[in-house]
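For reference, the structure discussed in these notes is given below.
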Amino acid sequence: MIYDVIIIGGGAAGMRTAIQAKKNNKSVLVIEHGDRVGRKILSTGNGRCNLTNMNCRVDLFDRNPEGIYPYFTIGDRSFVEEVIGISDCRDTLVFFGGLGLLFEIKNDFVYPRSGQASSVLDALRFACEDAGVEFILNYQPISIIKNENGFNIDNSYYSRKLVIAAGGNSACKSGSDGSGYELARLFGHQIIKPRPALCGINCSDKFFKALAGVRNDSTVKLFADGKEVIRATGNLQFNDYGLSGIPVFQISSDFGRLNESGCRLSLSVDLLPEFAEDELILAVKANPHLLGILNKKLTAVILKMSDGLAESKVKLIKHFIATPNSLRSFDESQVTAGGVSTDEINPKTMMSRLIDGLYFAGEIIDVNGICGGYNLQWAWSTGQIAGNSI
Ligand SMILES: Cc1cc2nc3c(=O)[nH]c(=O)nc-3n(C[C@H](O)[C@H](O)[C@H](O)COP(=O)(O)OP(=O)(O)OC[C@H]3O[C@@H](n4cnc5c(N)ncnc54)[C@H](O)[C@@H]3O)c2cc1C
């Protein structure tokens, strides 16, 4: 049988593409090398699945509420604008609402009302089943040949169109092991070097051993060659290797890019962002042991590093300096920066500019978002567009 479309990868983007192609009456086969589809969706949003963000309109997405970093990191911003201009969070609500899902929206972050990521996966699985999408599990394509009739996968599976939606290289246990990049390379596509993103950062300072386990609401600022490039606020986690937690995840993509370009990088942490420096000096003068202000482990490090004066303690609290080295591993990252170059994909259709009939969807493309539902939104947007243009 020759399918209208074969989709490689049964993740968020692959299933979204399959459902959209089925709406257009196409015969669809999804080839998944894992033993089940959508495994990664189950671990999203701490098991609750933050499936999109209401703050993703084209006119808003290029700056976050702190006004400093973009929602999506890419080489070419117009590519993302084009994609999000065609399909955004409103389309996601209409799509999942149509599958029966109810939502809970907290500060623009959208979750299923059930609070369970499995609801999102089930909605996709049932929709695929109802529409007649076929699945082959535990199968990894080795050779794919394009001829005048379409695509021939290992002389076993044939289709007129092919979609590569195999994800990136992050959280490999959920199936995305980077093998999709090899498939894209088979067709001559350029892969922008993949890097872990939304992950912790290794630091070289000795005090981290003593701080392991501490959490503190902080603002983290990344400096490159002495200039602040990005900042993020949230619950910071100290580990024996360095820093993690949401504010570090949010700056990790920029850190990775700048670190590779050879900039001199440092992190400055404001451990009490809700207090101005002058009011803190008065408070610390009245409380020289810093009682009840910060976690005891942090207090001990600050008292040891300071010269005893209130000004020096406050400087350490408001500008706690860490020396970042490298990103944590792909396995510990939530998404992959880099991937198939956006120069070689048409954002209006998601079709390759090199190979007629070949499409890409999801994280395999050189676009990654910050935490907050943007990465799944990217999977839904690109899947909807690919499924429609097929
Ligand atoms: C812990 C964690 C939490 C996250 N939380 C959120 C969140 O709350 N909100 C959000 O927006 N994003 C979140 N993300 C990111 C989001 O999950 C991904 O960006 C999104 O799932 C990417 O979808 P995808 O379909 O492109 O790739 P994937 O979900 O990685 O799916 C790719 C699929 O392709 C299969 N595959 C790979 N290679 C092959 C091959 N060669 N042959 C056949 N099959 C193959 C894989 O097994 C997998 O099933 C989180 C990620 C992680 C790891």
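Does the stretch 1-59 hold any residues that are surrounded by fewer than 20 Cβ atoms within 10 Å (Cβ to Cβ) and not in a loop (DSSP other than H, G, I, E, B), and which are they?
2, 4, 23, 39, 42, 43, 46, 47
Is there a residue being surrounded by 15 or more Cβ atoms within 10 Å (Cβ to Cβ), within 16 Å of the ligand (Cβ to nearest atom), at pLDDT 95 or above and within 19 Å of residue 183 (Cα to Cα) anywhere in the stretch 316-329?
no
Go through (1) crowded, with 24+ Cβ neighbours inside 10 Å; (2) modelled with pLDDT of 95 or more for residue 366 and report which single condition fails.
(2)
Picking from 53, 64, which residue would you name as being at pLDDT 90 or above and within 20 Å of residue 197 (Cβ to Cβ)?
Exactly one of 53, 64 is at pLDDT 90 or above and within 20 Å of residue 197 (Cβ to Cβ), namely 53.
Would you point out which residue out of 148, 129 is at pLDDT below 95 and farther than 30 Å from residue 261 by Cβ?
148
Which count do you get for residues in the stretch 255-307 that are out of contact with any Ser or Thr (no Cβ under 8 Å at 6 or more places or on another chain), polar (S, T, N, Q) and closer than 25 Å to residue 327 by Cα?
Residues that pass the stated criteria total 2.
If you scan the stretch 166-180, which residues turn out to be more than 6 Å from the ligand (Cβ to nearest atom) and buried (at least 23 other Cβ atoms within 10 Å of the Cβ)?
Within the stretch 166-180, 168, 169 qualify.
Condition check ((1) over 30 Å from residue 194 (Cα atoms); (2) within 15 Å of the ligand (Cβ to nearest atom)) across all residues:
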{"site": "275", "(1), (2)": "yes, no"}
{"site": "285", "(1), (2)": "yes, no"}
{"site": "301", "(1), (2)": "yes, no"}
{"site": "336", "(1), (2)": "no, yes"}
{"site": "351", "(1), (2)": "no, no"}
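Check the stretch 266-284 and report whether any residue there is surrounded by 14 or more Cβ atoms within 10 Å (Cβ to Cβ), without any contact (Cβ under 8 Å) to a residue 24 or more places away in the chain and aliphatic (A, V, I, L, M).
Yes.
Which one is nearest to residue 265 (Cα to Cα), of the residues in the stretch 187-226 that are within 16 Å of the ligand (Cβ to nearest atom) and part of a loop (DSSP other than H, G, I, E, B)?
That would be 200.
Kindly list, by first and then second residue, each pair from a residue in the stretch 9-36 that is outside the structural domain of residue 177 (by TED's automatic domain parsing) to a residue that is modelled with pLDDT under 95 and crowded, with 20+ Cβ neighbours inside 10 Å, limited to pairs with Cβ atoms under 8 Å and residues at least 6 apart or on different chains.
Cβ pairs passing all conditions: none.
Return yes when residue 191 is in contact with a strand residue (DSSP E or B) (Cβ under 8 Å, 6 or more places away or on another chain), under 24 Å from residue 390 (Cα atoms) and of a type in the set (Val, Ile, Thr) and no when it is not.
Considered against the rule, which asks whether it is in contact with a strand residue (DSSP E or B) (Cβ under 8 Å, 6 or more places away or on another chain), under 24 Å from residue 390 (Cα atoms) and of a type in the set (Val, Ile, Thr), residue 191 comes out as yes.
Name the single residue, out of those in the stretch 330-350 being crowded, with 22+ Cβ neighbours inside 10 Å and closer than 22 Å to residue 236 by Cβ, that is nearest to the chain's Cα centre (by Cα).
Among those that are crowded, with 22+ Cβ neighbours inside 10 Å and closer than 22 Å to residue 236 by Cβ, it is 335.
For the stretch 366-382, enumerate the residues that are of a type in the set (A, V, I, L, M, F, W, C) and within 8 Å of the ligand (Cβ to nearest atom).
Answer for the stretch 366-382, where residues must be of a type in the set (A, V, I, L, M, F, W, C) and within 8 Å of the ligand (Cβ to nearest atom): 371, 376, 378, 379.
The values are calculated or read from the model by the stated rules, or taken from the named source; none is laboratory data. Keep in mind that this is a model prediction, so the values were computed, not measured. Every residue, glycine among them, receives a Cβ derived from its backbone with ideal geometry; neighbour counts consider all protein chains shown.
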